[in-house]
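Take a look at the structure below.
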Amino acid sequence: MVSRSTEADAAIGSYRIRRRIAVGGMSEVFAAESADGARVAVKILLPDLASTSEGREAFAHEAELGKRLEHDNIVRVIEQ
């Protein structure tokens, strides 16, 4: 799990974190690079919500809904 104090260049799976973009009530969003060098955003559930089944289910539901959306102004969900 990445925390608010995460240093740049930390890794989450195959993604290299570059910087935190934002933090909200449910998650943190980081600018990152995939293994092939593509620029991506990585969204991580906050630890207090990750520790509850309700928080994890809400986050998974958000990702599933995001996978269904396709628009130039909406980021694409590429991995869940």
Worksheet item: Which residue pairs have Cβ atoms under 9 Å apart, sit 6 or more places apart or on different chains, and have a first residue in segment 39-61 that is open to solvent by less than 60 Å² (accessible area, probe 1.4 Å) and a second that is of a type in the set (D, E) and in a helix (DSSP H, G or I)?
Response: G55/D48
Worksheet item: Would you say G13 is more than 19 Å from R76 (Cα to Cα), at pLDDT below 95 and open to solvent by 40 Å² or more (accessible area, probe 1.4 Å)?
Response: no
Discussion item. Test of understanding: among D72, D36, which residue is more than 15 Å from the chain's Cα centre (by Cα), closer than 22 Å to Y15 by Cα and open to solvent by 50 Å² or more (accessible area, probe 1.4 Å)?
Written reply: D36
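The values are calculated or read from the model by the stated rules, or taken from the named source; none is laboratory data. What you see is a predicted model; the values in this text were computed from it and never measured. Because the Cβ atoms are built from the backbone with ideal geometry, glycine has one as well, and the counts that use them run over all protein chains shown. Areas reflect the complete protein model, heavy atoms only, side chains present, ligands, DNA and RNA absent. Shrake-Rupley method; radii C 1.70, N 1.55, O 1.52, S 1.80 Å.
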